[in-house]
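Trainee: The structure that follows is given in the form of structure tokens.
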Amino acid sequence: MMTNPMQRLTQGQFSFLPDLSDAEIKQQIEYGLEKGYAWSVEYTDDPHPRNTFWEMFGMPMFDLKDAAGVMMELAACRKTFPNHYIRMMAFDSTRNVESITMSFIVNRPPSEPGFGLVRQEVQGRSLRYTVQGYSSAKPEGERY
Amino acid sequence: MNDIANPPMSAKQRYSAGVLKYRQMGYWDGDYQPKETDVICLFRITPQEGVDPVEAAAAVAGESSTATWTVVWTDRLTACDSYRAKAYRVDPVPNTPGQFFAYVAYDLILFEEGSIANMTASLIGNVFSFKPLKAARLEDIRVPVAYLKTFKGPPTGLVVERERLDKFGRPLLGATTKPKLGLSGRNYGRVIYEGLKGGLDFMKDDENINSQPFMHWRDRFLYCMDAVNKASAATGEVKGTYLNVTAATMEDMYERAEFAKELGSVVVMVDLVIGYTAIQSMANWCRKHDMLMHMHRAGHGTYTRQKNHGVSFRVIAKWLRMAGCDHLHAGTAVGKLEGDPLTVQGYYNVCRDSYTKQDLPRGLFFDQDWADLKKIMPVASGGIHAGQMHQLLDLFGDDVILQFGGGTIGHPQGIQAGAVANRVALEAMVKARNEGKDIVKEGPEILRAAARWCTPLKAALDTWGEISFNYTSTDTSDFVPTATAS
């Protein structure tokens, strides 16, 4: 179990709050759609802080303007990967933004062992640090 | 007052030895139409008794461009009309007898490409000590796209910063390590670790933490990076601490920045007092090494705060966006330091806009096309706490770093609890806003609801909930609500 105050991975917009219900997730999706964002569902079993590219559960839904449709994609992803981390991501194509504007976790494995810090002594008092997931030694798909 | 006749003179009359009025020397042209490529400055001037405001405006134009106090024949060797700045409009400042807004246009040829040092040496070089003026203030500036494109701007920019940190859709959270002075490197690193593990994204060195007898800079960097990495492993998030590399010389600053890079820091910090040239050099260094550059505006209050004399912070913010920094302290409006809310929002717009529209209540006198220059992440720091989260989110939106120093470290249950309180308050408020709640009105109730399941937030609200700093601001906008656009 992770030892931070929330005892879990705290990436994303809402990890310090109680898990969002489906109705609450839908409200966030509607907020993004009103702003003109495109939603995407992504999943991984390697939530290392520098693992930028989680797997895409299909492409960003550029043409989907109905939150119910986005929720169906999420439900399908949860069904396929019930023990993976799943996050919702919103993309904004506005000039001078052209990036992600929302990101929050909506599914987690039942237990989150977290990460250890490997210290390599180098010259002087300097250390080289490696953040290593306790589950990452196992092959993909068998980690949680 | 803008239609004073400028009696035409022959070239021979104009360049006869002696002293002429600035307005007769070509520094006033009430009919001048500024070009797209001109730099336009708005000065607030207070002429001495008996000095005509138009003559004073012409003098400002003269002294900030080519003029000296007397006529020189050597002007005739040059295309001198190009080099003369032109005052073209003078308005009385609303409700402020004795003060005038003077608009001055400068041709592009006056400025060296990509040099804030050169631009400031012209615009604020001599003119602020000029005797015929009691006081002068550079209120705002319009920088032409042609000149902006000679600057590289922020090394990273707020969009790419978010991508690197993997943090989207909410303000970032930080805290300045306290006490500012006296902690050993090891004790200092403890504060960093607790704050980051508790839920903050960044911790920060204070402006005057450099390398004093109680803590050598290398010691600080080593312990801080241990704390950052340990907190990153504990939370699974990218974390950072602004390592202040401000030092006596560029060589020292580069040495410190290199060490921060070797240790894997994502961010370094400098103070505004290092000067524009050093800032541009450090921005180059940061660009080369994938580093965020945090700017603490140390010292700015000496020249930005008083309305009648100095340089407005909105101008400083524009120069810093051009010179290049990724974070800039831009005020809190609700905290312990000077700042009228609308005026402060004006600074934020300057940092973050793609195109800034004229907005007189926010002190913005000009439209400013930013020509795709990267955006600065503004920092709200100084006397703010979790109980103000709804006001802060409403005032500043998502693209801001909210820094709760005392509001984290002074938490009755400890630093981690302080960080939890701030993060929970923030996430609860962002969630509520996205759900369509009126956070200004319902904010206190939203915080109380979150405090029912979050003990650290309850303790924070019990401790600071009622604290506010309601003093009258000295730097507010002067405008007539019905005034037409210039």
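The values are calculated or read from the model by the stated rules, or taken from the named source; none is laboratory data. These numbers were taken from a predicted model, which means no experiment stands behind them. Quick reminder, even Gly has a Cβ in these numbers, built from the backbone with ideal geometry, and neighbours come from all protein chains shown. Ligands, DNA and RNA are stripped out before the accessible areas are found, and what is left, the full protein with its side chains, is counted by its heavy atoms. Shrake-Rupley method; radii C 1.70, N 1.55, O 1.52, S 1.80 Å.
Trainee: To the nearest 100 Å², how much accessible surface do chains A and B cover up together, summed over both, with a 1.4 Å probe? Show your work: numbers first, answer last.
Mentor: Values: alone 9270 and 19990 Å², together 25580 Å².
Chain pair A/B: roughly 3700 Å² of buried accessible area.
Trainee: Where does the protein assembly as shown land at 222 nm, in deg cm²/dmol rounded to the nearest 500, when only DSSP H runs of n ≥ 4 count, each adding -39500 (n - 2.57), divided by all residues? Intermediate results must be reported in sequence, preceding the final value.
Mentor: On the way: 20 runs with 209 residues, N = 630.
Value at 222 nm, helices only: -10000 deg cm²/dmol.
Trainee: If packing is taken as the mean number of other Cβ atoms within 10 Å per residue, what is the order of B:268-274, B:459-465, B:474-480, highest first?
Mentor: B:268-274, B:459-465, B:474-480
Trainee: Count, for each residue of B:158-170, the Cβ atoms from other chains sitting within 10 Å of its Cβ, then give me the mean as a whole number. Intermediate values should be presented prior to the final figure.
Mentor: On the way: counts 2, 7, 1, 0, 5, 3, 2, 1, 8, 5, 11, 14, 6.
Partner Cβ neighbours, averaged per residue: 5.
Trainee: Lys/Arg Cβ at +1, Asp/Glu Cβ at -1, dipole of region B:221-318 taken about the Cα centre: which of B:G240, B:V267, B:G310 is farthest positive-ward?
Mentor: Going by the charge dipole, the pick is B:G310.
Trainee: OK, next. With both partners inside chain B, how many of the DSSP beta bridges are antiparallel, as a percent to the nearest 5?
Mentor: Values: 25 of 52 bridges.
Antiparallel bridges: around 50 percent, rounded to the nearest 5.
Trainee: So, one more: For the residue pair B:D252 and A:T3, what label-to-label distance in nm results when each label sits 7 Å from Cα along the Cα-to-beta-carbon direction?
Mentor: Reported label-point gap for B:D252 and A:T3 is 3.8 nm.
Trainee: What does the structure give for B:426-432 when I average, per residue, the other chain Cβ atoms found within 10 Å of the residue Cβ?
Mentor: Working: counts 2, 8, 3, 0, 6, 9, 0.
Shielding by partners across B:426-432 averages 4.
Trainee: Let a ≥ b ≥ c be the square roots of the eigenvalues of the Cα gyration tensor of chain B; is it rounded (a/c under 1.5), or, if not, prolate (a/b larger than b/c) or oblate? Mind dumping the intermediate values first?
Mentor: On the way: a/c = 2.53, a/b = 1.81, b/c = 1.40.
The shape class here is prolate.
Trainee: Leaving out ligands and nucleic acids, note down the accessible area per residue over region A:22-111 with a 1.4 angstrom probe, in whole Å². Don't jump to the answer; show the numbers that get you there.
Mentor: Values: 4450 Å² over 90 residues.
Spelled out: the 1.4 Å probe surface of region A:22-111, per residue, equals 49 Å².
Trainee: So if I place +1 on the C-beta of Lys and Arg and -1 on the C-beta of Asp and Glu, and nothing else carries charge, what would the dipole magnitude of the protein assembly as shown be about its Cα centre? I want it in debye, nearest 20. Each step should come with its number before you reach the end.
Mentor: Details: 69 positive and 73 negative charges, 221 e Å.
Here the protein assembly as shown has a charge dipole of around 1060 debye.
Trainee: Considering only A:F53, A:Y134, A:Q120, whose Cα is most displaced toward the positive end of the charge dipole of chain A, charges sitting on Cβ of Lys, Arg (+1) and Asp, Glu (-1)?
Mentor: Toward the positive end, the furthest listed residue is A:Q120.
Trainee: First check a/c for region B:155-258, with a ≥ b ≥ c the square roots of the eigenvalues of its C-alpha gyration tensor; if it is under 1.5, answer rounded, and if not, answer prolate when a/b is larger than b/c or oblate otherwise.
Mentor: Details: a/c = 2.05, a/b = 1.34, b/c = 1.52.
The shape class here is oblate.
Trainee: Compute the Cα gyration tensor for the protein assembly as shown, then decide on rounded, prolate or oblate, letting a ≥ b ≥ c be the square roots of its eigenvalues: rounded whenever a/c is under 1.5, prolate when a/b is larger than b/c in the other cases, and oblate in all that remain. Before the final figure, lay out the partial values.
Mentor: On the way: a/c = 2.17, a/b = 1.89, b/c = 1.15.
It is prolate, given that a/c is not under 1.5 and a/b is the larger ratio.
Trainee: Tell me, what HN-Hα J-couplings in whole Hz come from the Karplus equation 6.51 cos²θ - 1.76 cosθ + 1.60 at θ = phi - 60° for each residue of region B:93-98, using x for Gly and Pro?
Mentor: Per residue, the Karplus-derived 3J(HN,Hα) values read 6, x, 6, 9, x, x Hz.
Trainee: Same structure, new question: Compute, for region B:158-465, the length of the dipole vector about the Cα centre, with Cβ point charges of +1 (Lys, Arg) and -1 (Asp, Glu) only. Units Debye, rounded to 20. Before the final figure, lay out each step's value.
Mentor: Values: 38 positive and 35 negative charges, 89 e Å.
I would put it at about 420 debye.
Trainee: If the viscosity is 0.692 mPa s and the temperature 37 °C, what translational diffusion coefficient in µm²/s does Stokes-Einstein give for region A:22-111 when Rh comes from Kirkwood over Cα pairs? List each step's numbers first, then the result.
Mentor: Numbers: Rh = 13.3 Å.
For the chosen part, D equals 247 µm²/s.
Trainee: Here's a follow-up. Just checking the output field for A:48-56: average partner chain Cβ neighbours within 10 Å of each residue's Cβ? Display every interim value, and only then the final one.
Mentor: Numbers: counts 3, 9, 4, 2, 3, 0, 0, 0, 0.
Averaged over the peptide's residues, the number is 2.
Trainee: Name the lysines eligible as straight-distance cross-link partners of B:K167: C-alpha to C-alpha under 17 Å, and not fewer than 8 places from it in the same chain.
Mentor: B:K197, B:K239, B:K375, B:K431
Trainee: Report, in debye and to the nearest 20, how large the dipole of region A:22-111 comes out about its Cα centre when Lys and Arg carry +1 and Asp and Glu carry -1 on their Cβ.
Mentor: Values: 9 positive and 13 negative charges, 27 e Å.
Charge dipole, region A:22-111, about its Cα centre: 140 debye, nearest 20.
Trainee: Still on this model: Give a residue-ordered list of calculated ³J(HN,Hα) values for region B:107-123 (Karplus: 6.51 cos²θ - 1.76 cosθ + 1.60, θ = phi - 60°; whole Hz; x for Gly, Pro).
Mentor: Those phi angles translate into 5, 4, 5, 6, 10, 6, 4, x, 10, 5, 4, 5, 4, 6, 4, 6, 6 Hz.
Trainee: In nm, to one decimal, how far is the B:I109 label point from the B:R190 one, both placed 7 Å along Cα→Cβ?
Mentor: Label at B:I109, label at B:R190, 6.5 nm between them.
Trainee: Now, a different point. Put +1 on the Cβ of every Lys and Arg and -1 on every Asp and Glu Cβ in region B:97-203; which of B:I141, B:P97, B:L165 then has its Cα farthest towards the positive end of the dipole?
Mentor: Working it through, the farthest residue towards the positive pole turns out to be B:L165.
Trainee: Keeping the other protein chains in place, figure out the carbon and sulfur percent of the accessible area of chain B, with a 1.4 Å probe. Don't skip to the end; give the middle numbers.
Mentor: Details: 9310 of 18140 Å².
Here it works out to 51 percent.
Trainee: Something else now. What does DSSP give for the protein assembly as shown in terms of the percent of beta bridges that are antiparallel, rounded to the nearest 5?
Mentor: Rounded to the nearest five, the antiparallel share is 65 percent.
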